[in-house]
Amino acid sequence: MLLYFINAACNVVLWQAVFWRLAPNVSLRIFPSYERVEERDKLVINRNVGSVLFGSSLSLLSWYVFLFRPDVNPEMVDMDSPVVRHTVAMFVGHTISEILVMTYRGTLLEEKAMLTHHVSSLFSGYVGLTHMGFPYFVVLFLISEVSTPFVALRENLYLVGMVNTKAYLVNGYLMIITFFLGRIAVIPHYWYHILPHVVSGKIFQFGWAFVFTGIILWAVLNVLNIYCFYKIVK
(Lines give C-alpha, C1' and ligand atoms only; values in the text may rest on other atoms or scores of the structure.)
Protein backbone atom coordinates (compact mmCIF):
# COMPACT_ATOMS: atom_id res chain seq x y z
CA MET A 1 0.00 0.00 0.00
CA LEU A 2 2.93 2.33 0.68
CA LEU A 3 3.78 2.27 -3.02
CA TYR A 4 0.35 3.69 -3.89
CA PHE A 5 0.80 6.58 -1.46
CA ILE A 6 4.26 7.27 -2.91
CA ASN A 7 2.67 7.33 -6.35
CA ALA A 8 0.04 9.82 -5.14
CA ALA A 9 2.72 12.02 -3.53
CA CYS A 10 4.79 11.98 -6.73
CA ASN A 11 1.73 13.05 -8.69
CA VAL A 12 1.21 16.00 -6.36
CA VAL A 13 4.77 17.13 -7.12
CA LEU A 14 4.35 16.42 -10.84
CA TRP A 15 1.16 18.45 -11.28
CA GLN A 16 2.51 21.30 -9.19
CA ALA A 17 5.54 21.38 -11.50
CA VAL A 18 3.22 21.39 -14.51
CA PHE A 19 1.23 24.30 -13.06
CA TRP A 20 4.22 26.45 -12.12
CA ARG A 21 6.74 25.58 -14.84
CA LEU A 22 5.35 23.79 -17.86
CA ALA A 23 1.88 25.32 -18.22
CA PRO A 24 2.98 28.99 -18.61
CA ASN A 25 5.40 28.06 -21.41
CA VAL A 26 2.85 25.83 -23.16
CA SER A 27 0.14 28.48 -22.86
CA LEU A 28 2.42 31.15 -24.31
CA ARG A 29 3.24 28.98 -27.31
CA ILE A 30 -0.34 27.87 -28.02
CA PHE A 31 -2.13 31.12 -27.18
CA PRO A 32 -0.25 34.25 -28.35
CA SER A 33 -2.73 36.44 -26.44
CA TYR A 34 -1.80 34.69 -23.17
CA GLU A 35 0.60 37.55 -22.30
CA ARG A 36 -2.25 40.07 -22.41
CA VAL A 37 -4.54 38.07 -20.13
CA GLU A 38 -5.00 39.24 -16.54
CA GLU A 39 -2.81 37.50 -13.97
CA ARG A 40 -5.82 35.90 -12.27
CA ASP A 41 -6.95 34.38 -15.57
CA LYS A 42 -3.41 33.21 -16.35
CA LEU A 43 -3.55 31.03 -13.24
CA VAL A 44 -6.83 29.55 -14.45
CA ILE A 45 -5.31 28.85 -17.87
CA ASN A 46 -2.25 27.23 -16.27
CA ARG A 47 -4.48 25.03 -14.11
CA ASN A 48 -6.48 24.02 -17.17
CA VAL A 49 -3.33 23.05 -19.07
CA GLY A 50 -2.59 20.64 -16.24
CA SER A 51 -6.17 19.36 -16.41
CA VAL A 52 -5.81 18.70 -20.14
CA LEU A 53 -2.61 16.70 -19.62
CA PHE A 54 -3.95 14.89 -16.56
CA GLY A 55 -7.33 14.06 -18.10
CA SER A 56 -5.67 12.74 -21.24
CA SER A 57 -3.19 10.50 -19.41
CA LEU A 58 -5.72 9.20 -16.86
CA SER A 59 -8.29 8.56 -19.60
CA LEU A 60 -5.85 6.54 -21.68
CA LEU A 61 -4.96 4.36 -18.71
CA SER A 62 -8.50 3.89 -17.35
CA TRP A 63 -10.05 3.23 -20.78
CA TYR A 64 -7.26 0.75 -21.50
CA VAL A 65 -8.18 -1.17 -18.35
CA PHE A 66 -11.90 -0.92 -19.15
CA LEU A 67 -11.55 -2.18 -22.73
CA PHE A 68 -8.52 -4.48 -22.74
CA ARG A 69 -8.14 -6.00 -19.27
CA PRO A 70 -10.57 -8.95 -19.05
CA ASP A 71 -9.31 -9.72 -15.54
CA VAL A 72 -10.96 -6.47 -14.39
CA ASN A 73 -14.64 -7.28 -14.83
CA PRO A 74 -17.97 -6.81 -12.98
CA GLU A 75 -17.94 -10.30 -11.46
CA MET A 76 -14.44 -10.17 -9.96
CA VAL A 77 -15.16 -7.91 -7.00
CA ASP A 78 -12.86 -9.62 -4.48
CA MET A 79 -9.69 -9.15 -6.49
CA ASP A 80 -6.93 -6.58 -6.02
CA SER A 81 -5.84 -4.77 -9.17
CA PRO A 82 -2.53 -2.88 -8.78
CA VAL A 83 -2.98 -1.10 -12.12
CA VAL A 84 -6.34 0.26 -10.99
CA ARG A 85 -5.01 1.38 -7.62
CA HIS A 86 -2.02 3.09 -9.24
CA THR A 87 -4.47 4.87 -11.55
CA VAL A 88 -6.42 5.98 -8.49
CA ALA A 89 -3.15 7.24 -6.98
CA MET A 90 -2.71 9.48 -10.04
CA PHE A 91 -6.24 10.77 -9.53
CA VAL A 92 -5.70 11.48 -5.83
CA GLY A 93 -2.37 13.23 -6.47
CA HIS A 94 -3.87 15.52 -9.08
CA THR A 95 -6.88 16.31 -6.88
CA ILE A 96 -4.61 17.36 -4.01
CA SER A 97 -2.60 19.48 -6.43
CA GLU A 98 -5.82 21.17 -7.60
CA ILE A 99 -6.75 22.03 -4.01
CA LEU A 100 -3.27 23.51 -3.47
CA VAL A 101 -3.71 25.66 -6.60
CA MET A 102 -7.11 26.86 -5.38
CA THR A 103 -5.53 27.73 -2.04
CA TYR A 104 -2.76 29.70 -3.71
CA ARG A 105 -5.26 31.56 -5.91
CA GLY A 106 -7.31 32.42 -2.83
CA THR A 107 -10.45 30.86 -4.31
CA LEU A 108 -10.75 27.88 -2.00
CA LEU A 109 -13.90 29.21 -0.35
CA GLU A 110 -15.17 31.03 -3.45
CA GLU A 111 -15.30 27.91 -5.60
CA LYS A 112 -17.60 26.00 -3.27
CA ALA A 113 -18.91 23.65 -5.96
CA MET A 114 -15.40 22.77 -7.12
CA LEU A 115 -14.17 22.36 -3.54
CA THR A 116 -17.08 20.03 -2.77
CA HIS A 117 -16.27 18.06 -5.90
CA HIS A 118 -12.59 17.75 -4.94
CA VAL A 119 -13.35 16.73 -1.35
CA SER A 120 -15.77 14.01 -2.49
CA SER A 121 -13.20 12.94 -5.09
CA LEU A 122 -10.53 12.71 -2.40
CA PHE A 123 -12.76 10.54 -0.26
CA SER A 124 -13.66 8.17 -3.09
CA GLY A 125 -10.03 8.17 -4.19
CA TYR A 126 -8.88 7.32 -0.69
CA VAL A 127 -11.30 4.39 -0.60
CA GLY A 128 -10.03 3.12 -3.95
CA LEU A 129 -6.43 3.63 -2.88
CA THR A 130 -6.59 1.89 0.48
CA HIS A 131 -9.16 -0.85 -0.14
CA MET A 132 -8.96 -3.76 -2.53
CA GLY A 133 -12.16 -4.85 -4.23
CA PHE A 134 -14.61 -3.75 -6.93
CA PRO A 135 -11.83 -2.58 -9.30
CA TYR A 136 -14.13 -2.64 -12.33
CA PHE A 137 -16.48 -0.14 -10.72
CA VAL A 138 -13.57 2.05 -9.66
CA VAL A 139 -12.56 2.20 -13.31
CA LEU A 140 -16.08 3.30 -14.24
CA PHE A 141 -15.56 6.25 -11.91
CA LEU A 142 -12.25 7.11 -13.55
CA ILE A 143 -13.25 6.91 -17.22
CA SER A 144 -15.43 9.97 -16.70
CA GLU A 145 -12.23 12.03 -16.90
CA VAL A 146 -12.28 11.56 -20.68
CA SER A 147 -14.25 14.80 -20.97
CA THR A 148 -11.92 16.80 -18.69
CA PRO A 149 -9.43 17.89 -21.39
CA PHE A 150 -12.19 19.36 -23.54
CA VAL A 151 -13.96 21.08 -20.64
CA ALA A 152 -10.65 22.65 -19.57
CA LEU A 153 -9.68 23.63 -23.11
CA ARG A 154 -13.08 25.25 -23.65
CA GLU A 155 -12.48 27.59 -20.71
CA ASN A 156 -9.00 28.42 -21.95
CA LEU A 157 -10.26 29.26 -25.43
CA TYR A 158 -12.84 31.53 -23.85
CA LEU A 159 -10.28 33.31 -21.65
CA VAL A 160 -7.92 34.04 -24.54
CA GLY A 161 -10.72 35.39 -26.73
CA MET A 162 -11.08 32.50 -29.18
CA VAL A 163 -14.81 31.94 -28.76
CA ASN A 164 -15.63 32.75 -32.39
CA THR A 165 -13.17 30.26 -33.85
CA LYS A 166 -13.42 26.83 -35.44
CA ALA A 167 -11.25 25.42 -32.64
CA TYR A 168 -13.82 26.49 -30.05
CA LEU A 169 -16.66 24.97 -32.09
CA VAL A 170 -14.90 21.64 -32.72
CA ASN A 171 -13.80 21.41 -29.10
CA GLY A 172 -17.40 22.01 -28.03
CA TYR A 173 -18.63 19.06 -30.05
CA LEU A 174 -15.85 16.85 -28.69
CA MET A 175 -16.74 17.94 -25.17
CA ILE A 176 -20.38 16.93 -25.67
CA ILE A 177 -19.42 13.53 -27.14
CA THR A 178 -16.87 12.67 -24.45
CA PHE A 179 -19.09 13.98 -21.66
CA PHE A 180 -21.88 11.71 -22.87
CA LEU A 181 -19.62 8.66 -23.22
CA GLY A 182 -17.76 9.05 -19.93
CA ARG A 183 -20.46 10.46 -17.66
CA ILE A 184 -23.91 9.65 -19.09
CA ALA A 185 -23.77 6.44 -21.14
CA VAL A 186 -21.90 4.72 -18.32
CA ILE A 187 -24.74 5.29 -15.82
CA PRO A 188 -27.07 2.40 -16.81
CA HIS A 189 -24.06 0.15 -17.41
CA TYR A 190 -22.81 0.77 -13.88
CA TRP A 191 -26.16 0.17 -12.19
CA TYR A 192 -26.85 -2.94 -14.25
CA HIS A 193 -23.66 -4.56 -12.98
CA ILE A 194 -23.58 -3.20 -9.40
CA LEU A 195 -27.19 -4.02 -8.45
CA PRO A 196 -26.62 -7.81 -8.27
CA HIS A 197 -23.87 -7.14 -5.69
CA VAL A 198 -26.23 -4.87 -3.75
CA VAL A 199 -29.08 -7.37 -3.79
CA SER A 200 -26.79 -10.23 -2.76
CA GLY A 201 -25.36 -8.09 0.02
CA LYS A 202 -21.82 -8.51 -1.31
CA ILE A 203 -21.02 -4.80 -1.34
CA PHE A 204 -22.00 -4.46 2.31
CA GLN A 205 -19.31 -6.99 3.24
CA PHE A 206 -16.69 -4.44 2.16
CA GLY A 207 -17.78 -1.81 4.68
CA TRP A 208 -19.66 1.47 4.77
CA ALA A 209 -17.03 3.31 2.69
CA PHE A 210 -17.73 1.11 -0.34
CA VAL A 211 -21.48 1.46 0.18
CA PHE A 212 -21.22 5.24 0.41
CA THR A 213 -18.98 5.69 -2.64
CA GLY A 214 -20.42 2.88 -4.75
CA ILE A 215 -24.10 3.67 -4.20
CA ILE A 216 -24.81 7.04 -2.57
CA LEU A 217 -21.97 9.13 -4.00
CA TRP A 218 -22.34 7.54 -7.41
CA ALA A 219 -26.09 8.31 -7.43
CA VAL A 220 -25.40 11.96 -6.54
CA LEU A 221 -22.79 12.21 -9.31
CA ASN A 222 -25.28 10.73 -11.76
CA VAL A 223 -27.80 13.47 -11.00
CA LEU A 224 -25.17 16.20 -11.26
CA ASN A 225 -23.77 14.85 -14.53
CA ILE A 226 -27.24 14.56 -16.08
CA TYR A 227 -27.98 18.13 -15.04
CA CYS A 228 -24.64 19.39 -16.43
CA PHE A 229 -25.19 17.53 -19.70
CA TYR A 230 -28.64 19.09 -19.99
CA LYS A 231 -27.08 22.55 -19.53
CA ILE A 232 -24.38 21.79 -22.10
CA VAL A 233 -26.73 20.68 -24.89
CA LYS A 234 -29.49 23.16 -24.07
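The values are calculated or read from the model by the stated rules, or taken from the named source; none is laboratory data. Small disclaimer: the values here were computed from a predicted structure and weren't measured. Note that each Cβ is placed from the backbone with ideal geometry, even for glycine, and that neighbours are counted across all protein chains shown. Ligands, DNA and RNA are excluded from the accessible area calculation, which covers all protein heavy atoms including side chains. Shrake-Rupley method; radii C 1.70, N 1.55, O 1.52, S 1.80 Å.
Things to note:
- Looking across the stretch 112-122, the residues that are under 17 Å from Asn222 (Cβ atoms) and of a type outside the set (Val, Ile, Thr) come down to Ala113, His117, Ser120, Ser121.
- Within the stretch 185-214, the set of residues being free of Cβ contacts under 8 Å to residues at least 24 places away in the same chain, open to solvent by less than 40 Å² (accessible area, probe 1.4 Å) and not small (Gly, Ala, Ser) comprises Val198, Val211.
- Val83 vs. criteria free of Cβ contacts under 8 Å to residues at least 40 places away in the same chain, under 17 Å from the mean Cα position of the chain (by Cα) and surrounded by 12 or more Cβ atoms within 10 Å (Cβ to Cβ): yes
- Qualifying residue in the stretch 42-57 (condition: part of a helix (DSSP H, G or I) and more than 21 Å from Val151 (Cβ to Cβ)): no
- Some residue of the stretch 5-17 being more than 20 Å from Phe150 (Cα to Cα), open to solvent by 80 Å² or more (accessible area, probe 1.4 Å), touching a His at 6+ places or on another chain (Cβ under 9 Å) and among the aliphatic types (A, V, I, L, M): yes
- Residues that are open to solvent by 50 Å² or more (accessible area, probe 1.4 Å) and hydrophobic (A, V, I, L, M, F, W, C) within the stretch 123-134 comprise Phe123, Met132, listed in sequence order.
Here is a yes/no grid of residues against (1) over 21 Å from Ala89 (Cβ atoms); (2) modelled with pLDDT of 95 or more:
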residue: Met114; (1), (2): yes, no
residue: Val119; (1), (2): no, no
residue: His131; (1), (2): no, no
residue: Ser144; (1), (2): no, no
residue: Ser147; (1), (2): yes, yes
residue: Leu153; (1), (2): yes, yes
residue: Ile176; (1), (2): yes, yes
residue: His193; (1), (2): yes, yes
residue: Pro196; (1), (2): yes, yes
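- Filter result (in contact (Cβ under 8 Å) with a residue 12 or more places away in the chain, more than 14 Å from the chain's Cα centre (by Cα) and closer than 19 Å to Phe229 by Cα) within the stretch 111-134: none
- For the stretch 191-204, the tally of residues that are under 11 Å from Phe134 (Cβ atoms) and either assigned to a helix (DSSP H, G or I) or among the aliphatic types (A, V, I, L, M) (or both) stands at 4.
- Against the numbered list (1) modelled with pLDDT of 95 or more; (2) open to solvent by 50 Å² or more (accessible area, probe 1.4 Å), Tyr104 comes up short only at (1).
- When residues of the stretch 45-66 are limited to those that are open to solvent by less than 10 Å² (accessible area, probe 1.4 Å) and among the hydrophobic types (A, V, I, L, M, F, W, C), the one farthest from His94 (Cα to Cα): Val65
- Residue check for Gly50: over 30 Å from Ile203 (Cβ atoms), without any contact (Cβ under 8 Å) to a residue 40 or more places away in the chain and small (Gly, Ala, Ser): no
- Residue in the stretch 135-156 that is farther than 19 Å from Ile177 by Cα, surrounded by fewer than 16 Cβ atoms within 10 Å (Cβ to Cβ) and more than 11 Å from the chain's Cα centre (by Cα) present: no
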